[in-house]
Amino acid sequence: MLLPKFDFHEPKTLNEACQILAEYGQKARIIAGGTDLMVNMKKKILSPEQLVSISRISELKKLDTAGGNIRIGACFTVAELNASGEIQKHLSALGEGAKNLGTPLIRNLATIGGNLGTARPAADLPPALMAYGAQVVLKSLSGERTLSLDNFFLGPGFTAVKPDEILTEIRVPALPPGSGAGYINIGVRKGQDCNLVNVASFITLDSNGIIQNARIVMGCVGPVPLRALSAEKILIGQKPESALFLRAGAAASSDSTPIDDFRGSAVYKRDMAGVLTRRTLDIAFHEATHRQ
């Protein structure tokens with residue numbers, strides 16, 4: 001399939017990229033790795049008149065862990081996330097999501113900003129980032145704003161990014177002692193297949209081993225990544241144990257809203273959301289006990 005015609009821009013600075021977006025508005029699309037955009041353009045799902053490549057803007061490729069806060073440039077690739085010792089040390093669940101995303105070729109091209117910006121309900125990186133309480137930085141000529149990932153996704157393929165804005169950075173706040181997270185995804189088969197269900201869980205234990213904070217995020221079981229709020233409520237203030245995680249898994253299953261499709265039934269996905277919640281909580285608890 002041939003691509004539709006378009007003009008290609010390759011700005012060297014973020015300000016130049018913002019100027020191009022301000023000029024063309026909804027006629028323009030940002031491209032970084034292009035692993036989703038190129039496919040959608042070939043299928044004629046999208047036909048932007050202007051493509052603005054941000055892959056050569058150096059400030060969008062950084063990883064900064066100074067002061068415990070973690071700042072990841074939007075053009076940091078999934079392969080770089082997977083290979084980063086800092087990500088594995090501080091954000092292991094995100095590293096696990098990166099390791100499970102697509103094939104080596106896809107991981108070498110795909111970026112963290114693109115994986116968020118395409119807003120695919122089955123994407124690997126959003127659940128872990130949401131579980132960690134991440135925010136995104138959106139920049140335009142008129143200024144900069146920071147938005148929680150909880151409010152970023154509006155629906156399949158839709159985000160809160162305005163036509164003249166660029167997602168420039170992902171920020172994860174410093175994790176308190178006693179924190180841990182886990183991520184698991186399942187699909188019909190390994191490799192390029194789309195996820196069937198994926199879940200990330202995060203907990204923080206106080207000095208007495210009681211769960212002080214909990215965040216559980218489920219993918220593929222709703223139009224956007226879903227917080228399992230009922231499950232989180234069950235966990236907070238309790239001492240971690242298998243029976244508690246079993247109850248939380250059942251609550252997460254009830255919080256999910258999957259649909260039937262060719263990959264699996266809604267009933268199966270709902271059940272697996274509960275199973276993966278229990279398993280990721282086990283992983284999170286194990287990591288949290290080693291970080292107290």
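The values are calculated or read from the model by the stated rules, or taken from the named source; none is laboratory data. These figures come from a predicted structure and were not determined experimentally. Cβ: placed from backbone, ideal geometry, glycine included. Neighbour counts: every protein chain shown.
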Conditions first: (1) outside the structural domain of Ile112 (by TED's automatic domain parsing); (2) more than 22 Å from Ser140 (Cα to Cα); (3) touching an Asp or Glu at 6+ places or on another chain (Cβ under 9 Å). Ala22 passes all but one, so which condition is the exception? (2)
Collect the residues in the stretch 25-49 that are over 24 Å from the mean Cα position of the chain (by Cα) and either in the same structural domain as Cys75 (by TED's automatic domain parsing) or free of Cβ contacts under 8 Å to residues at least 40 places away in the same chain (or both), keeping them in residue-number order. Lys27
Yes/no for Leu205 being of a type outside the set (Gly, Ala, Ser) and within 24 Å of Phe153 (Cα to Cα): no
Which of the following residues is assigned to a strand (DSSP E or B), more than 20 Å from Leu125 (Cβ to Cβ) and polar (S, T, N, Q): Thr146, Thr204, Thr168? Thr204
Look at Ala128 and say whether it is closer than 26 Å to Glu59 by Cα, crowded, with 23+ Cβ neighbours inside 10 Å, touching a Gly at 6+ places or on another chain (Cβ under 7 Å) and in the same structural domain as Asn82 (by TED's automatic domain parsing). yes
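Conditions tested, residue by residue: (1) in contact with a Pro (Cβ under 8 Å, 6 or more places away or on another chain); (2) under 12 Å from Met218 (Cα atoms); (3) buried (at least 16 other Cβ atoms within 10 Å of the Cβ).
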| site | (1), (2), (3) |
| --- | --- |
| Phe245 | no, no, yes |
| Ser256 | no, yes, yes |
| Asp260 | no, no, no |
| Val267 | no, no, no |
| Gly274 | no, yes, yes |
| Thr277 | no, yes, yes |
| Ala284 | no, no, yes |
| Glu287 | no, no, yes |
| Gln292 | yes, no, no |
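The rows are residues; the columns are (1) out of contact with any helix residue (DSSP H, G or I) (no Cβ under 7 Å at 6 or more places or on another chain); (2) over 20 Å from Val217 (Cβ atoms); (3) modelled with pLDDT under 95; (4) not hydroxyl-bearing (Ser, Thr, Tyr).
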{"residue": "Lys43", "(1), (2), (3), (4)": "yes, yes, yes, yes"}
{"residue": "Thr65", "(1), (2), (3), (4)": "no, yes, yes, no"}
{"residue": "Phe76", "(1), (2), (3), (4)": "no, yes, no, yes"}
{"residue": "Lys89", "(1), (2), (3), (4)": "yes, yes, yes, yes"}
{"residue": "Ser92", "(1), (2), (3), (4)": "no, no, no, no"}
{"residue": "Leu125", "(1), (2), (3), (4)": "no, no, no, yes"}
{"residue": "Gly133", "(1), (2), (3), (4)": "yes, no, no, yes"}
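Criterion first (out of contact with any strand residue (DSSP E or B) (no Cβ under 6 Å at 6 or more places or on another chain), over 23 Å from Thr280 (Cβ atoms) and touching a residue at least 60 places away in the same chain (Cβ under 8 Å)) does Pro163 satisfy it? Break it down stepwise before answering.
On the way: out of contact with any strand residue (DSSP E or B) (no Cβ under 6 Å at 6 or more places or on another chain): yes; over 23 Å from Thr280 (Cβ atoms): yes; touching a residue at least 60 places away in the same chain (Cβ under 8 Å): yes.
Yes.
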Filter the stretch 12-24 for residues that are within 26 Å of the chain's Cα centre (by Cα) and surrounded by 16 or more Cβ atoms within 10 Å (Cβ to Cβ) and give the result. Leu14, Ala17, Cys18, Leu21
